[in-house]
1. Can you pull out the residues in region 42-80 that are part of a helix (DSSP H, G or I) and more than 26 Å from residue 18 (Cα to Cα)?
2. Going by the structure shown, is residue 39 at pLDDT 95 or above, under 13 Å from the mean Cα position of the chain (by Cα) and assigned to a helix (DSSP H, G or I)?
3. Name the single residue that is nearest to residue 68 (Cα to Cα) among those in region 31-48 being in contact with a helix residue (DSSP H, G or I) (Cβ under 7 Å, 6 or more places away or on another chain) and free of Cβ contacts under 8 Å to residues at least 24 places away in the same chain.
4. Considering region 11-35 alone, what residues qualify as being assigned to a loop (DSSP other than H, G, I, E, B) and surrounded by 10 or more Cβ atoms within 10 Å (Cβ to Cβ)?
5. Residue check: is residue 96 assigned to a loop (DSSP other than H, G, I, E, B) and in contact (Cβ under 8 Å) with a residue 12 or more places away in the chain?
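The values are calculated or read from the model by the stated rules, or taken from the named source; none is laboratory data. Values in this document were obtained by computation on a predicted structure and should not be read as measured data. Counting neighbours? That spans all protein chains shown, and the Cβs are built from the backbone with ideal geometry, glycine included.
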């Protein structure tokens, strides 16, 4: 399982920190310190690509709306089809 390669003390600490955040503003503060603007935008873009793929949008529509490359769209689609269900879980929980 791919997750086993990822698991470790540092990653656990990161996830615990994210789970400890309580508001959108706290998230903005934390992620602004943690990531570059481009990194945050890339993460947000991937989540939006996943949402759009789940809703049946075409690659062309997704590319036009999000600016994501076809490689990014393909990678997200592969995760939706063969991944650990993370996108599905997160999108369901936020009602998207």
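1. Initial filter on region 42-80 (part of a helix (DSSP H, G or I)): 42-54, 59-66, 70-80.
Correct list: 59, 60, 61, 62, 63, 64, 65, 70, 71, 74.
2. Numbers: at pLDDT 95 or above: yes; under 13 Å from the mean Cα position of the chain (by Cα): yes; assigned to a helix (DSSP H, G or I): yes.
So residue 39 fits the description; yes.
3. So, considering only residues that are in contact with a helix residue (DSSP H, G or I) (Cβ under 7 Å, 6 or more places away or on another chain) and free of Cβ contacts under 8 Å to residues at least 24 places away in the same chain, the one nearest to residue 68 (Cα to Cα) is 48.
4. First, pick out the residues of region 11-35 that are assigned to a loop (DSSP other than H, G, I, E, B): 21-23, 35.
21, 35 - these are the residues of region 11-35 that are assigned to a loop (DSSP other than H, G, I, E, B) and surrounded by 10 or more Cβ atoms within 10 Å (Cβ to Cβ).
5. Details: assigned to a loop (DSSP other than H, G, I, E, B): yes; in contact (Cβ under 8 Å) with a residue 12 or more places away in the chain: yes.
Yes; evaluated as a whole, the condition is true for this residue.
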